[in-house]
Amino acid sequence: MLSRVANALYWMVRYVERADNLARLIDVNQQQLLDSERLDSDRLRGFWQPIILSTGDEETFSPLYGEAGSTEVIRFLTDDPRNPNSITSCIALARENARTVRDQLSDELWEELNALYLFTRSEEANRLIAADPTRYYENIRRSAVTFLGIASSTTSRDEDWDFMELGRHLERADKTTRFLDVASYLPGGADDAQSAALHWSAILRSCGALGAFRAFERTITARGVVDFLVFSKNFPRSVRFCIEIVDASLHRISGTPRGTFCNDAERETGRLLADLDFGVTDDAFARGLHEYLDALQGRFNRIGEAVFESYVLMPERIQVCPAAEFRSSSALAAWQMQHQQQQ
Amino acid sequence: MEMFEGYDPGRFYDEMFDASGAVRGHCAPLLRKFAGIDQKDFLARKANSELYFLRQGITFNVYHDEQGTERIFPFDPVPRVMAAAEWEHLEAGLSQRIVALNLFLHDIYHDQQILKDEVIPRFYIEQAKHYRPEFRGVDVPGDIYIHICGSDLIRGADGQYYVLEDNGRCPSGASYLLENRNALKRAFPGLFDEMGVRSVDSYPRDLLNMLHHISPRRDESPVCVLLTPGCHNSAYFEHCYLAREMGIDIVEGGDLVVVDNFVFMRTTRGLKRVDVIYRRIDDDFIDPVVFRKDSVLGVPGLMNAYRAGNVALANAVGTGVADDKVIYYFVPQMIEYYLGQKPILPNVPTYLASEEADLKFILGHLPELVVKAANESGGYGMLMGPSASKEEIEKFRGRIIADPRNYIAQPVISLSRAPTWCDGAMEGRHIDLRPYIIYGEEVKIVPGGLTRVALTKDSLVVNSSQGGGSKDTWVLRH
């Protein structure tokens, strides 16, 4: 398959997954806020700040909003076009990637993503964000899940699928660690037991994991949640589960037996998977949860870069010209594309 | 019948009704079908067809719009119907024309016999903007240059079809032809029952067969790709659509590399050789080594691979000389010169500004004429004399005098009209027809073509960039 196509499929799915996760995170936290007793603006800021920090968007946020309250934060994360990681930006980017590989997608898959995009740009969406945010986030989540379902039932299990799986699970692993990391930014740590329990159950709910967790352990504790969301072998949003799929997808693409490697992406993934397979929750807390999660995120990024190097850039094979995405994103390229006379 | 009540065919040739207002025989069954649909139902179905286009993403980008607005190409659900005999006549005329155009291009890029025999003045060829002298003597597979031609046909007040222009570089619109049929079938399935409408499904297959036919590699199944300028191009939807229907890869310039005069695409498993490129990029941008140096859309070295015969291009390089509007003037002569036949389809009467007598006539009659730049398309670079302001006319007068080689003029042809739903009523709107002619092992023309309609009242400009829409085109079996 074309390298550019592999790259676009990978990003299309990553962006949908990102939007889905953000919708979960915002919705759950907004609901959690309703349980909170005192709602003065300082407290609200204190509440949302960690979420901004954990999604890694503070640099974009601060200059735009300064002294922001709840509403501003939510709009920033939800439909601010200036935030490249807002839900609507992610969906627009997913669609943009889909457009460039339209011929590879089933009609149903394209239509679902396009319909989601049209929804995010509609008056109705605008109204819902203000009046009934839960409905809005539910629409996003449902559509993302439908997208996933259509993809899974209309995509052949070949390289197309492997690159999509790769993108989805790398993104999912990353977002799970970021949800967990929200705790690290809470002012004064989550010390009082009641708000800690509330907080950790919110994280579980963001990951759709509350039910699954309860089946596994009755009391919600920091240690229990981290154990479940990082090391569970069976829960589909746990880091270990995701990296297992990343590893399997990479080896299906290259044809190399698992447990061995033929490129940096496989080597990085294999080492990370071994660490997760043989790791325990104590390691995370011994190192400091934030540092531990941060290190994981760094390793996900290295895997992503290595995938790009191995399958898209291919520097060892081609020295002639830079990869397509760099070229086609330039303003000159866009101009020339537009001015190709179509008779 | 109620939607057609009070319909006025006007003083034009109407595709559905004759001058007395009686329905034309071949349209009668369709009109009866519409009689069974009430207006409310009609509107709901029409809205449905529009939703289909929007959901499929069959849209074009509005340039210079910061919001990145995408619009659908307006679709009118009342089909344009052609009788079987009418289409046979067009088919014969178009086949004759594409054969002659290809013989002409081969001649121009080899012996130039037609110039030596002074059928066409040498000056016109040598000054044609899209003539590529550097490709003289280069052989192309099967001696075919224009593999896909989109010739625009119009019908005058006398009911006679004329060829308005030949688009022999990268004609677009075929996907709309196919999607119009899909949309109409979905929204108005009942219309098709027992009507004997000829299918248009064969287009992608014919296109792919043609691409296979011109492959330089005979030993194995050729690898064909569609080369697009990219997703910001207005025809991008079409590129994806056709590539998918044919089951070939769609590539951008950056996906291809030339190594030792062979073309390859970059895949996740390394480089894969490419044999045939259906290119939707103009000559100017296709290879920065040979043509425009600043092109980032093309493939450096592609022209060397092409000259070496290692890759085939559809359409060939240099076909633009044949759709220069001055050269168009000579197509009837080409048909007689190369084929010894009378042209089946006439040209629109045309005046060449670089001929002294014609120039005098043009300058004396600007308010009555349509003036066109020789190498523009899409309705640009054009003066519609009767509706133009004094300033516009004077502006064109200056341009024509300064550069007569690049201008032609034609009388205004009042294009035929077809009933079209316009804001609550059925009204006559001017239309044209663009058939798509494929020239591979044999000439194949998908029945009908794309009917474009000028939605603005009294407008004669059907281009989508200027307020045009389209209709499904029916060719009847009997």
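Tabulated results
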quantity	calculated
Region A:1-154, dipole about Cα centre (Lys/Arg Cβ +1, Asp/Glu Cβ -1), debye to the nearest 20	320
Value of relative contact order over chain B, rounded to a whole percent, pairs C-alpha under 8 Å and six or more apart	23
Percent of beta bridges antiparallel (DSSP, chain B, rounded to nearest 5)	75
Mean separation of Cα contacts under 8 Å, 6 or more apart, over the residue count of region B:339-396: relative contact order %	23
In region A:99-189, chymotrypsin sites (Phe, Trp or Tyr not before Pro) in a DSSP loop with at most 14 other beta-carbon atoms within 10 Å	none
Estimated inter-spin distance, A:Leu198 and B:Leu54, nm [label 7 Å along Cα→Cβ]	4.2
Whole-number percent relative contact order across region B:217-310, with pairs defined as alpha carbons under 8 Å at least 6 apart	30
Exposure proxy ranking, count of Cβ atoms within 10 Å, fewest first, for A:Thr134, A:Thr177	A:Thr134, A:Thr177
GluC sites (Glu not before Pro), loop per DSSP, at most 14 other Cβ atoms within 10 Å - longest free stretch of chain A	A:68-216
³J(HN,Hα), Karplus 6.51/-1.76/1.60, whole Hz, each residue of region A:159-174, x for Gly, Pro	4, 3, 5, 4, 5, 5, 4, 4, x, 4, 7, 5, 5, 5, 4, 4
Region B:264-418 - charge dipole about Cα centre, Lys and Arg +1 at Cβ, Asp and Glu -1, debye rounded to 20	720
Interchain or long-range residues, amide H under 5 Å from B:Met82's placed H	B:Trp474, B:Val475, B:Leu476
DSSP-loop trypsin sites (Lys or Arg not before Pro) across region B:215-294, with at most 15 other Cβ within 10 angstrom	B:Arg217, B:Arg218, B:Arg269, B:Lys293
Helix-derived mean residue ellipticity, 222 nm - over chain B, DSSP H n ≥ 4, -39500 (n - 2.57), to 500	-8500 deg cm²/dmol
Distant-in-sequence amide H partners of B:Val251 (H built 1.01 Å from N, under 5 Å)	B:Leu226, B:Leu227, B:Thr228
Residue exposure sequence - A:Val73, B:Val412 - by fewest surrounding Cβ within 10 Å	B:Val412, A:Val73
Derived scalar couplings ³J(HN,Hα) [region B:189-194; Karplus, 6.51 cos²θ - 1.76 cosθ + 1.60; whole Hz; x for Gly, Pro]	x, x, 5, 7, 3, 6
For B:Asp8, distant residues with modelled amide H under 5 Å away	B:Gly428
Förster radius 56 Å - calculated FRET efficiency between A:Glu138 and B:Leu339, Cβ distance, rounded to 0.05	0.25
Ranking of B:His147, A:His290 by count of other Cβ atoms within 10 Å, fewest first	A:His290, B:His147
When each of A:Lys175/A:Lys233; B:Lys116/B:Lys342; B:Lys372/B:Lys457; B:Lys129/B:Lys471 is checked by Cα-Cα distance, pairs over 25 Å	B:Lys129/B:Lys471
3J(HN,Hα) from dihedral phi, region A:177-182, Karplus parametrisation 6.51/-1.76/1.60, rounded to Hz, x for glycine, proline	5, 6, 4, 4, 5, 3
Dipole magnitude of the protein assembly as shown, debye to nearest 20 (Cβ charges: Lys/Arg +1, Asp/Glu -1, about Cα centre)	600
Estimated 222 nm signal from helices in chain A, with DSSP H stretches of n ≥ 4 weighted -39500 (n - 2.57), rounded to 500	-23000 deg cm²/dmol
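A short reminder: the numbers here are calculations on the coordinates, not readings from a lab. Remember, predicted model here, so these are calculated numbers, not experimental data. FYI the Cβ positions are ideal-geometry reconstructions off the backbone, even for glycines, and counts take in every protein chain you see.
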